[in-house]
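To keep things clear, I will list the structure first and then write my remarks on it.
The values are calculated or read from the model by the stated rules, or taken from the named source; none is laboratory data. On a predicted model such as this, the values are computed, not experimentally measured, just so you know. FYI the Cβ positions are ideal-geometry reconstructions off the backbone, even for glycines, and counts take in every protein chain you see. To get the accessible areas, we keep the full protein, side chains included, count just its heavy atoms, and leave off ligands, DNA and RNA. Shrake-Rupley method; radii C 1.70, N 1.55, O 1.52, S 1.80 Å.
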Amino acid sequence: MIRINENYLKLKPSYLFTEISKRVSAFQENKPETTLIRLGIGDVTRALPHACIDAFHRAIDEMAADETFKGYGPEQGYAFLREKIARYDFQERGADIQADEIFVSDGAKSDTANIQEIFASDIRIAIPDPVYPVYLDTNVMAGRAGDLSDGRYEHIVYLDSTAENGFVPSLPGEKVDLVYLCFPNNPTGATIRRDQLEAWVDYARKNRALILYDAAYEAFIRDEQLPRSIYEINGAREVAIEFRSFSKTAGFTGTRCAFTVVPRACMAFDGTGATHSLHAFWTRRQSTKMNGVSYPVQKAAEAVYSDEGRAQVKEFVGSYMGNASLVRNAMLNLGYECAGGENSPYVWIKTGMDSWEFFDMLLNRAHVVCTPGSGFGLCGDGYIRISAFNSRENVEMALDRISRVLKG
Ligand code: PLP
């Protein structure tokens with residue numbers, strides 16, 4: 001008899017985006033003539049930078065001739081891309097990361113989802129609330145979370161991110177083995193200061209724990225004092241794995257390219273306390289289960305680091321950040337408390353009412369779609385997330401409509 005993985009039965013239904021679509025469809029059926037503005041989902045709206053498109057085309061042409069055609073590439077990514085990443089994203093910022101510590105992949109979603117496979121099933125895991133749902137759901141699927149009771153899983157240590165702690169969770173009161181952190185944060189838009197990140201690295205070193213650091217939104221950091229990588233912190237090489245993505249940085253959500261950094265010094269332990277290299281484990285996992293990212297996509301990603309590519313990405317990110325400032329300032333002027341939007345494309349707004357009630361008000365009266373915060377965890381209740389990923393024109397129009405509704 002074929003049996004299922006019963007851990008899947010413990011997953012909460014993926015309610016958030018399904019429910020948003022349901023409410024949006026119902027609205028549009030009633031009012032087909034009304035144009036909605038979507039500031040809900042975290043997908044980019046601008047075309048790929050020209051430098052990437054040109055490199056993409058050239059690489060496709062190489063695939064069209066026997067002499068330059070490429071078959072299977074290196075599973076961990078081509079050296080031309082890994083070397084640029086190591087140099088521009090890490091070494092130039094004083095972080096000691098080498099090209100062979102970079103693993104190129106098709107997305108930070110798959111990597112943050114898959115990484116838990118290389119750890120024991122009975123480790124103690126700490127996960128922020130609110131959270132990008134992938135970290136939690138993949139551990140539920142793997143059987144580490146236990147049963148759900150009152151909206152929380154019994155074996156997960158929740159790291160509450162609230163207005164009181166500036167949306168940067170405090171160290172857990174109990175000992176945990178694996179910690180997920182994400183900065184700039186999705187959904188709160190919060191960032192972490194160097195001294196706060198140092199405290200987490202220190203915690204991990206003292207407790208022989210590991211930090212999984214999701215820096216998918218690193219490119220949106222404007223404040224030069226903020227760390228962009230966990231490896232800017234001394235001692236992090238031994239206790240942290242970092243995830244990055246070209247998705248939001250350079251518009252690769254549909255093209256797919258990201259990377260994970262596993263330093264050679266990063267170790268985990270077996271039941272006897274003997275150390276094992278996570279670099280070796282991740283290499284084994286990836287080379288067994290994937291065959292790399294396509295050559296044209298890696299060539300397009302490499303172009304992000306050319307002079308032209310860097311200038312275009314800067315403009316691209318700058319335009320979204322202009323939107324984020326407009327959203328943040330408009331909501332502050334309307335008297336709402338906001339986090340994010342200064343070093344991140346998300347603005348997290350305290351609504352003073354139930355998240356879904358506020359969502360419905362914006363949908364039905366302002367014709368704007370946002371994301372209810374409660375969909376990201378219990379601590380998101382009473383908040384909404386507004387994303388800066390849209391055209392300037394749409395963001396201005398949305399803010400104008402929101403202002404009229406909230407003032408009225
Ligand atoms: N990590 C965070 C925090 C995200 O918000 C997202 C996408 O929204 C991802 C990772 C996924 O990125 P990718 O497109 O590289 O899979």
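Name the residues of segment 226-249 whose amide N is less than 16 Å from a point 7 angstrom out from the Cα of ASN165 along the C-beta direction?
Inside the label zone: nothing.
Among all the aspartates and glutamates, which ones have a C-alpha under 17 Å from LYS31's C-alpha, if same-chain residues fewer than 8 places away are not counted?
Partners within reach: ASP360.
If packing is taken as the mean number of other Cβ atoms within 10 Å per residue, what is the order of 273-280, 185-192, highest first? Don't skip to the end; give the middle numbers.
Numbers: 273-280: 13.1, 185-192: 26.9.
By packing density, highest mean first, the sequence is 185-192, 273-280.
To the nearest 0.05, what FRET efficiency results for ASP100 and ARG46 with a Förster distance of 56 Å applied to their C-beta separation? Present the calculation step by step, with values, prior to reporting the outcome.
Details: r = 33 Å, r/R0 = 0.59.
Once the sixth-power term is evaluated, E becomes 0.95.
Who wins for biggest fluctuation among ALA65, ALA324, ALA99 in a Gaussian network model of the chain, springs between alpha carbons below 10 Å?
Maximum fluctuation in the GNM of the chain, among the listed residues, is at ALA65.
Where the Cα atoms of segment 53-307 are projected onto their three principal axes, how long is each span, largest first, in whole Å?
59, 41, 34
Report the antiparallel proportion of the DSSP beta bridges in the chain as a percent, rounded to a multiple of 5. Provide the component values of the computation, followed by the final result.
Numbers: 23 of 41 bridges.
The antiparallel fraction comes to roughly 55 percent.
With a 1.4 Å probe and every protein chain left in place, work out the accessible area per residue of segment 69-182 in Å², rounded to a whole number. Let's see the in-between values first.
Working: 4700 Å² over 114 residues.
Averaged over the residues of segment 69-182, the accessible area is 41 Å².
Could you check the simple spin-label distance between GLU154 and LYS206, using points 7 Å along Cα→Cβ, in nm with one decimal?
With each label point 7 Å from Cα toward Cβ, the separation is 3.0 nm.
For segment 345-408, what does the alpha-carbon gyration tensor say about shape, rounded, prolate or oblate, given a ≥ b ≥ c as the root eigenvalues, a/c under 1.5 as rounded, and a/b over b/c as prolate?
Values: a/c = 2.27, a/b = 1.36, b/c = 1.67.
It comes out oblate by the Cα gyration axes.
With r defined as the distance between the Cβ atoms of MET361 and LYS314 and R0 fixed at 45 Å, what FRET efficiency is calculated, to the nearest 0.05? Don't jump to the answer; show the numbers that get you there.
Working: r = 36 Å, r/R0 = 0.81.
For R0 = 45 Å, the calculated efficiency reads 0.80.
What fraction, in whole percent, of alpha-carbon pairs in segment 252-408 exceed 18 Å separation?
Working: 8570 of 12246 pairs.
Of all Cα-Cα pairs in segment 252-408, 70 percent lie more than 18 Å apart.
Determine, for segment 53-307, the count of lysine pairs separated by eight or more sequence positions (or lying on different chains) whose alpha-carbon distance falls under 26 Å.
Final tally of qualifying lysine pairs is 14.
How large is the Rg to Rh ratio of segment 96-158 when both quantities use alpha carbon positions and Rh follows Kirkwood? Show your work: numbers first, answer last.
Details: Rg = 13.7 Å, Rh = 13.1 Å.
The Rg/Rh ratio comes out at 1.05.
Length gain on complete extension for the stretch SER391 to SER325, per 0.36 nm per residue less the alpha carbon to alpha carbon distance? Kindly include the intermediate steps, with their values, before the conclusion.
On the way: separation 66, 0.36 × 66 = 23.76 nm, distance 1.35 nm.
22.4 nm is the gain from fully extending SER391 to SER325.
Within 9 Å, Cβ to Cβ, of ALA99, how many net charges do the neighbouring residues add up to if Lys/Arg are +1 and Asp/Glu are -1?
Values: positive: ARG82, LYS84, ARG87; negative: GLU83, ASP100, GLU101.
After counting each charged neighbour, the total is 0.
May I ask for the distance between the Cα centers of segment 193-248 and segment 345-408, given as a whole number of Å?
About 29 Å separates the Cα centre of segment 193-248 from the one of segment 345-408.
Can you give me the relative contact order of the chain as a percent, contacts being Cα pairs under 8 Å and 6 or more apart? Walk me through the numbers on the way to the answer.
On the way: 783 pairs, mean separation 93.3, N = 408.
Value for the chain: 23 percent.
Please report, as a whole percent, how much of the solvent-accessible surface of segment 41-99 comes from carbon and sulfur atoms (probe radius 1.4 Å).
Here it works out to 51 percent.
Quick check: convex hull of the Cα atoms in segment 40-128, volume per residue, rounded to a whole Å³? Don't jump to the answer; show the numbers that get you there.
Details: hull volume 17.5 nm³, N = 89.
About 197 Å³ per residue, rounded to a whole number.
Counting Lys and Arg as +1 and Asp and Glu as -1, what is the net charge of the other residues whose Cβ lies under 12 Å from the Cβ of ALA330? Numbers along the way, then the final one.
Numbers: positive: ARG328, ARG401, ARG404, LYS407; negative: GLU396, ASP400.
Residues close to ALA330 contribute a combined charge of +2.
Would you work out what percent of the accessible area of segment 189-312, with all protein chains in place, is carbon or sulfur (probe 1.4 Å)? Intermediate values should be presented prior to the final figure.
Details: 2240 of 4740 Å².
Carbon and sulfur: 47 percent of the exposed surface of segment 189-312.
Starting from 0.36 nm per residue, how many nanometres of slack lie between PHE269 and ARG3 once their C-alpha separation is accounted for?
Numbers: separation 266, 0.36 × 266 = 95.76 nm, distance 3.18 nm.
Additional length available on full extension: 92.6 nm.
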